[in-house]
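K.L.:
Take this structure first; my questions come after.
The values are calculated or read from the model by the stated rules, or taken from the named source; none is laboratory data. Owing to the predicted nature of the structure, the values given are computational and were not obtained by experimental measurement. A quick note on method: Cβ atoms are made from the backbone with ideal geometry, for glycine too, and the neighbour counts reach across all protein chains shown. Quick note on the areas: whole protein, heavy atoms, side chains included, nothing else; ligands and nucleic acids left out. Shrake-Rupley method; radii C 1.70, N 1.55, O 1.52, S 1.80 Å.
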Amino acid sequence: MTLMKKTLAASIAVAAASSMAMSTAQAEISDGEVRIGYLADMSGTYRDLAGPGGLSALEMAIEDFGGSVNGSPIVVFSADDRNSADVGANTVREWIDQRNVDMVAGLVASSVTIAVTKVLEENNGLGLVSGSAASSVTNEHCTPNHIHWVYDTYPLANGTAKAVVEQGGDTWFLLTADYAFGHALEADVTSVVEANGGQIVGGVRHPFPTNDFSSYILQAQGSGAKIVGLANAGADTVNAITTASQFGLTQSGQQLAGLLIFLNDVHALGLEATQNLLLTTGWYWDMDDQAREWSERYFEEVGRMPTMVQAGIYSSTMHYLKAVEAAGTDDPETVRAQMAEEPINDFFARNGRIREDGRMVHDMYLAQVKTPEESTGEWDLYEILSTIPAEEAYRPLSESQCKLVQN
């Protein structure tokens, strides 16, 4: 055989091997596509903290990844869950049955998330929870089919409530959203306040969502508590703070503690109304060079700076796609195991890792809202006061009720 013929034969063999490897990889990707469903509140109370902006973040991750995994295109479906557990569960069931969706992203209202993760467990799907707050999502409601990414009520209480009590805010009245997230936050805050020598002197639960907070703020004023803790989120928090301002709550000597405050809330309310508010956050757009670089790209796409949830959606999606690529399959069990093997250190997470209960633990941050005089621009809203290390921030596994944890 001549040298030219040998070279040609070798080239054909390499091409055939590459083609076979590509075919094998694609064969491991079900339907030849990686199918992602984005489920979130797209029009209601939680629209601005996740919503369409979260979908944009997910699409940015897919574009940055290259639009395909090992030659298989990435396809996205999206839906508005309308903050209804039934709507969310039915949507995901249809996605799995009719569209063979591999992974569900977004997931904001905790009641929706708990319903959806049960569907995922029954059908061997995978969910990446970025918007929900209830710590029960990876505690009593844990499954082997979902991962909780951005934050939960345990570090929110551990950060904000502990800091407020240490500053002398030792009597509390809790204003709580009456569903899974609010209940979890109420329980975690109560535990932290009492453990640090404080006392819960009263509280009221309000329907979710609520427009009129007048009667609830009056009850808070009547309690005599130094601190009125807002165990709610999104538009409910904005409405509660606005009503408290109208009723002169802080002027009369009481202090508001926003237990779940998002960047968009502070932006909507303005620094005059929110200045000096303490909060715990999983991430802030201006916290370092990496965060700023990604956030400026996001701003170009969306026209506003991202919340921690929107940043977390990008981070979790990118980690998922890398795991699918490394594993050569979109099989949920295999991909989840691959995701848990790799640490998370990106523009979003520091010291991140996925525990056996499905909780992605990472550093959290205690922040304070700037005064109007301190702010240098429209989105210059927080000062980071301290870092809460990953191992201190989240519920210890020794206290876990998760069926996946061997205590």
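K.L.:
Can you tell me which of (1) at pLDDT 95 or above; (2) crowded, with 20+ Cβ neighbours inside 10 Å is the one Val369 doesn't meet?
P.N.:
So Val369 meets the others, but not (1).
K.L.:
Ile217 passes all but one of (1) at pLDDT 95 or above; (2) out of contact with any helix residue (DSSP H, G or I) (no Cβ under 6 Å at 6 or more places or on another chain); which number fails?
P.N.:
If we test Ile217 against (1) at pLDDT 95 or above; (2) out of contact with any helix residue (DSSP H, G or I) (no Cβ under 6 Å at 6 or more places or on another chain), just (2) comes out false.
K.L.:
Go through Ala180, Ala195 for me and flag whichever is modelled with pLDDT of 95 or more, more than 11 Å from Gly229 (Cβ to Cβ) and not polar (S, T, N, Q).
P.N.:
On the way: Ala180 fails: modelled with pLDDT of 95 or more.
The match here is Ala195.
K.L.:
Taking strands (runs of 3 or more DSSP E) that do not extend beyond the range 142-243, which have at least 1 residues that are open to solvent by 40 Å² or more (accessible area, probe 1.4 Å)? Please lay out each step first, then the result.
P.N.:
On the way: elements: 146-148, 171-177, 199-206, 227-231.
Once the strands (runs of 3 or more DSSP E) in the range 142-243 are filtered for at least 1 residues that are open to solvent by 40 Å² or more (accessible area, probe 1.4 Å), what remains is 199-206.
K.L.:
For the range 372-407: of the residues being open to solvent by less than 20 Å² (accessible area, probe 1.4 Å) and either among the hydroxyl-bearing types (Ser, Thr, Tyr) or modelled with pLDDT under 95 (or both), which is farthest from Ala268 (Cα to Cα)?
P.N.:
Result: Ser400.
K.L.:
Could you say which residue among Asn83, Asn90 is on the phi > 0 side of the Ramachandran plot and open to solvent by 10 Å² or more (accessible area, probe 1.4 Å)?
P.N.:
The match here is Asn83.
K.L.:
Might you let me know whether the range 338-354 holds any residue that is open to solvent by less than 30 Å² (accessible area, probe 1.4 Å) and of a type in the set (Asp, Glu)? Break it down into steps so the answer makes sense when it comes.
P.N.:
Residues of the range 338-354 that are open to solvent by less than 30 Å² (accessible area, probe 1.4 Å), as a first pass: 339, 344, 347-349, 352, 354.
Remaining after also requiring of a type in the set (Asp, Glu): none.
No.
K.L.:
Across the range 42-75, what is the total count of residues that are open to solvent by 50 Å² or more (accessible area, probe 1.4 Å) and either among the β-branched types (Val, Ile, Thr) or closer than 26 Å to Thr210 by Cα (or both)? Explain how you work it out, then say what you get.
P.N.:
Keep residues of the range 42-75 that are open to solvent by 50 Å² or more (accessible area, probe 1.4 Å), which gives 43, 47-48, 59, 63-64, 66, 73.
If we keep only those that are either among the β-branched types (Val, Ile, Thr) or closer than 26 Å to Thr210 by Cα (or both) too, we end up with 43, 47-48.
Looking only at that region, the number is 3.
K.L.:
A further question follows. Could you please find all residues in the range 129-141 being touching a strand residue (DSSP E or B) at 6+ places or on another chain (Cβ under 8 Å) and either part of a helix (DSSP H, G or I) or modelled with pLDDT under 95 (or both)? Working first, answer last.
P.N.:
Just the residues of the range 129-141 that are touching a strand residue (DSSP E or B) at 6+ places or on another chain (Cβ under 8 Å), to begin with: 129-132, 137-138.
Answer for the range 129-141, where residues must be touching a strand residue (DSSP E or B) at 6+ places or on another chain (Cβ under 8 Å) and either part of a helix (DSSP H, G or I) or modelled with pLDDT under 95 (or both): Val137, Thr138.
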